[in-house]
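The values are calculated or read from the model by the stated rules, or taken from the named source; none is laboratory data. None of the values given here were measured: they were computed from a predicted structure. Glycine also receives a Cβ, built like all others from the backbone with ideal geometry; neighbour counts cover every protein chain displayed.
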Amino acid sequence: MTLCNERGSPITPPFSKEVVQSSLGRLRQEYVDIPKPSGIVPVPGVEVFTQDHPDCKCPDSEWCIVSPWVLETKDAFIQAAEQAGLPMKGEPTSVYRSPVWNANVYLEMGKAVNWHYHRHLLGEAIDYAVLDSNHDANVDEHDYDPLVDVALDFGDVEWEYVFNHVHVQEP
């Protein structure tokens, strides 16, 4: 395609301008390009992203969205689970996910990407690994259910058809 002046003559020499997006601009562009849950703001505002809270970021971004609920819940949940006698990893396995990272999580599991309830995209959900709490060398519903009981004190639990993690989200 050639850039032309008002008389239709090509402008020579061709002019070009390089457009560069910041890392935050590229991340926000993902919300434009990729399907997202219905009912949310299509592109979160710049003001909701932060570079604080490295334990809440996904590996593909230096930015994240973290709700106040997540900040209040993530460590308190681990303490409550440990007080209930349940083994826990030291931190959540997933909090904020960029749209691309979220899609890749599902594709790596061999599942279709379901965009309709992913509160991770808004920093409003936390996943915690389920460990073998009954020491039977198997992570199953007997390990999952007690952790769900703890999670229900903190938010809504979304059953994701696996026993390897509990997904708890802001009520």
### Query
under 18 Å from Gly85 (Cβ atoms) and assigned to a loop (DSSP other than H, G, I, E, B): does that describe Asn114?
no
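Scan the range 84-102 for residues that are surrounded by fewer than 21 Cβ atoms within 10 Å (Cβ to Cβ) and either part of a loop (DSSP other than H, G, I, E, B) or among the hydrophobic types (A, V, I, L, M, F, W, C) (or both) and jot them down. Reasoning before the result, please.
Taking the range 84-102 first, the residues surrounded by fewer than 21 Cβ atoms within 10 Å (Cβ to Cβ) are 84-91, 93-94, 100-101.
Within the range 84-102, Ala84, Gly85, Leu86, Pro87, Met88, Lys89, Gly90, Glu91, Thr93, Val100, Trp101 meet the criteria.
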### Message
Checking the condition farther than 24 Å from Asp52 by Cβ and either under 18 Å from the mean Cα position of the chain (by Cα) or of a type in the set (A, V, I, L, M, F, W, C) (or both), which residue from Val66, Val113 passes?
### Response
Val113
#### Entry: Failed item, numbered, when Pro37 is tested on (1) out of contact with any Phe, Trp or Tyr (no Cβ under 6 Å at 6 or more places or on another chain); (2) modelled with pLDDT under 85; (3) of a type outside the set (Lys, Arg)
(1)
### Query
Does the range 47-62 hold any residues that are under 17 Å from Thr93 (Cα atoms) and hydrophobic (A, V, I, L, M, F, W, C), and which are they?
Cys56, Cys58
### Task
Would you point out which residue out of Ala151, Ala125, Ala81 is surrounded by 18 or more Cβ atoms within 10 Å (Cβ to Cβ), in contact with a strand residue (DSSP E or B) (Cβ under 7 Å, 6 or more places away or on another chain), more than 30 Å from Gln29 (Cα to Cα) and touching a residue at least 40 places away in the same chain (Cβ under 8 Å)?
Ala151
### Message
Tell me yes or no: at least one residue of the range 146-168 is touching a Ser or Thr at 6+ places or on another chain (Cβ under 7 Å), outside any loop (DSSP other than H, G, I, E, B), charged (D, E, K, R) and modelled with pLDDT of 90 or more.
### Response
no
### Selection count where residues are of a type in the set (Ser, Thr, Tyr) and assigned to a strand (DSSP E or B), scope the range 45-69
1
### Task
Within the range 14-23, identify whether any single residue is part of a loop (DSSP other than H, G, I, E, B), at pLDDT 90 or above and either surrounded by fewer than 14 Cβ atoms within 10 Å (Cβ to Cβ) or touching a strand residue (DSSP E or B) at 6+ places or on another chain (Cβ under 9 Å) (or both), and answer yes or no.
yes
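Within the range 94-104, identify whether any single residue is without any contact (Cβ under 8 Å) to a residue 12 or more places away in the chain and of a type outside the set (Gly, Ala, Ser), and answer yes or no. So that I can check it myself, show each step before the final result.
First, the residues of the range 94-104 that are without any contact (Cβ under 8 Å) to a residue 12 or more places away in the chain: 104.
Now restrict to residues that are of a type outside the set (Gly, Ala, Ser): 104.
Yes, that holds for at least one residue.
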### Query
Within the range 134-161, which residues are of a type outside the set (A, V, I, L, M, F, W, C) and within 22 Å of the chain's Cα centre (by Cα)?
Tyr144, Asp153, Gly155, Asp156, Glu158, Glu160, Tyr161
